[in-house]
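Below is one structure, written out as structure tokens; the observations come after it.
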Amino acid sequence: MFELIGVPPQALFGQLLLGLINGAFYALLSLGLAVIFGLMNVINFTHGSQYMMGAFCAWMLLTFAGIPYWGALVLAPIIIGISGIVIERLFISRLYHLDHLYGLLLTFGLALIFEGLFRRQFGSSGLPDTNPIPGGTNLGFMFLPWYRAWVVAFSLTVCFATWFMIEKTQLGSYLRAATERPDLVQAFGINVPRMITLTYGFGVGLAALAGVLAAPIYSVNPVMGSNLIVVVFAVVVIGGMGSILGSILTGFGLGVVEGLTKVFYPEASNTVIFIIMAIVLMLRPQGLFGKPK
């Protein structure tokens with residue numbers, strides 16, 4: 001089979017698949033961040049911990065309750081989303097009238113607390129999870145595991161369904177209006193605080209969903225979120241803070257760029273996203289899809 005600039009096709013397409021998988025997690029996580037920031041103006045640093053909690057919740061449902069993966073895929077995001085609603089009501093709702101920095105510090109502190117609690121209980125070595133869709137197919141130039149292909153397809157579906165709901169439906173118009181003119185929306189009889197609370201729970205549920213998807217691929221451990229959240233924030237900044245479509249496209253795109261960098265210049269694979277972020281901030285501070293203020 002042909003080689004591209006001396007790179008075997010197996011390595012090239014293997015890293016391309018890995019990039020798409022990482023991009024799927026970047027897209028889901030950055031989507032949750034974009035929903036929360038775009039509709040609530042809250043910088044949610046707890047997002048990485050909620051991703052980790054989603055993976056642990058799926059593992060515990062399987063281990064202790066005997067609930068299979070497909071049940072955990074539905075239940076874990078709901079459970080962690082409800083925990084997010086509790087956090088919003090108890091803590092974050094008290095900070096809406098303050099500077100964004102207070103919300104960032106609060107959520108960063110909560111992230112450290114959650115990570116510490118899970119590390120104390122489960123250690124840091126990681127816990128294996130079962131593959132719900134074993135096997136794959138040989139495409140000739142690479143072996144494609146069925147589960148990884150399903151993760152990419154499912155993530156794309158969830159991301160664009162979320163974008164459609166927020167940008168193209170009446171519910172989405174209410175959500176956007178509630179962030180800009182809450183007094184006007186309240187006058188139409190809509191409970192704005194409840195809508196904002198549910199929005200935060202939905203964003204947290206997206207993070208937990210990404211964690212459930214990641215559990216069979218990566219080991220489930222308390223630091224899996226903290227290792228990822230900085231990259232996801234960079235994705236959100238590049239796409240444009242609060243841009244739903246920007247987060248989706250940038251997440252998948254940067255995952256592919258990162259994967260291809262591992263083929264052609266491995267030394268830069270851990271920094272390429274941050275290099276791109278620096279260039280974008282210099283040329284277009286609002287991000288690729290953000291709107292200038």
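Averaging 1/r over every pair of different alpha carbons in the stretch 165-293 and inverting the result gives a Kirkwood radius of 16.9 Å. Per Stokes-Einstein, at 20 °C and 1.002 mPa s, what whole-number D in µm² s⁻¹ belongs to the chain, with the Kirkwood radius over Cα pairs as the hydrodynamic radius? The estimated diffusion coefficient comes to 108 µm²/s. For the chain, the residue among Val86, Gly239, Ala215 whose Cα projects farthest onto the positive side of the dipole built from Cβ charges is Val86. Sorting the Cα pairs of the stretch 219-263 by distance into bins of 10 Å, from 0 upward, gives 27, 43, 29, 1 percent per bin. Rounded to the nearest 500, the helix-only mean residue ellipticity at 222 nm of the chain stands at -24000 deg cm²/dmol, with each DSSP H run of n ≥ 4 adding -39,500 (n - 2.57).
Using the Kirkwood radius over C-alpha pairs as Rh, can you work out the diffusion coefficient of the stretch 121-177 via Stokes-Einstein at 37 °C, viscosity 0.692 mPa s, in µm² per second?
Numbers: Rh = 14.9 Å.
The calculation lands on 221 µm²/s.
Between the amide H of Leu127 and those of Val220, Asn221, distances stay under 5 Å, these residues lying 5 or more places away or on another chain, with hydrogens modeled in the peptide plane. Counting charges near Ile275 (Lys, Arg +1; Asp, Glu -1) among other residues having Cβ under 13 Å from its Cβ returns a value of -2.
Within the listed set Ala149, Ala215, Ala111, the residue fluctuating most in the Gaussian network model of the chain (springs between alpha-carbon atoms under 10 angstrom) is Ala149. With a Förster radius of 25 Å applied to the C-beta separation of Phe122 and Val74, the computed FRET efficiency comes to 0.60. Taken one residue at a time, the phi angles of the stretch 268-281 give Karplus couplings (6.51, -1.76, 1.60, θ = phi - 60°) of 9, 5, 7, 10, 4, 5, 6, 5, 4, 4, 5, 5, 5, 5 Hz. Gly and Pro are set to x.
Share of carbon and sulfur in the accessible area of the stretch 5-65 stands at 71%, probe radius 1.4 Å.
Give the residue list of chymotrypsin sites (Phe, Trp or Tyr not before Pro) in the stretch 108-189 that are DSSP loop and have at most 12 other beta-carbon atoms within 10 angstrom. In loop regions of the stretch 108-189 (DSSP not H, G, I, E or B), the sparsely surrounded chymotrypsin sites (Phe, Trp or Tyr not before Pro) are Phe188.
To the nearest 20 debye, what charge dipole does the stretch 69-146 have about its Cα centre, counting +1 at the Cβ of each Lys and Arg and -1 at the Cβ of each Asp and Glu?
Dipole about the Cα centre, nearest 20: 160 debye.
For the stretch 27-171, a crude dipole built from +1 on the beta carbon of Lys and Arg and -1 on the beta carbon of Asp and Glu, taken about the Cα centre, is about 120 debye to the nearest 20.
For Gly136, nonlocal amide neighbours, meaning residues 5 or more places apart or on other chains whose placed amide H falls under 5 Å from its own, are Trp146. Taking amide H as placed 1.01 Å from N in the peptide plane, Ile67 has its amide H under 5 Å from the amide H of Leu62, each at least 5 places away in sequence or on another chain.
The values are calculated or read from the model by the stated rules, or taken from the named source; none is laboratory data. In this text, all values refer to a predicted model and were calculated from it rather than measured experimentally. Reconstructed Cβ throughout: ideal geometry from the backbone, glycine too, with neighbour counts over all protein chains shown. These accessible areas exclude ligands, DNA and RNA; they are computed on the full protein's heavy atoms, side chains included. Shrake-Rupley method; radii C 1.70, N 1.55, O 1.52, S 1.80 Å.
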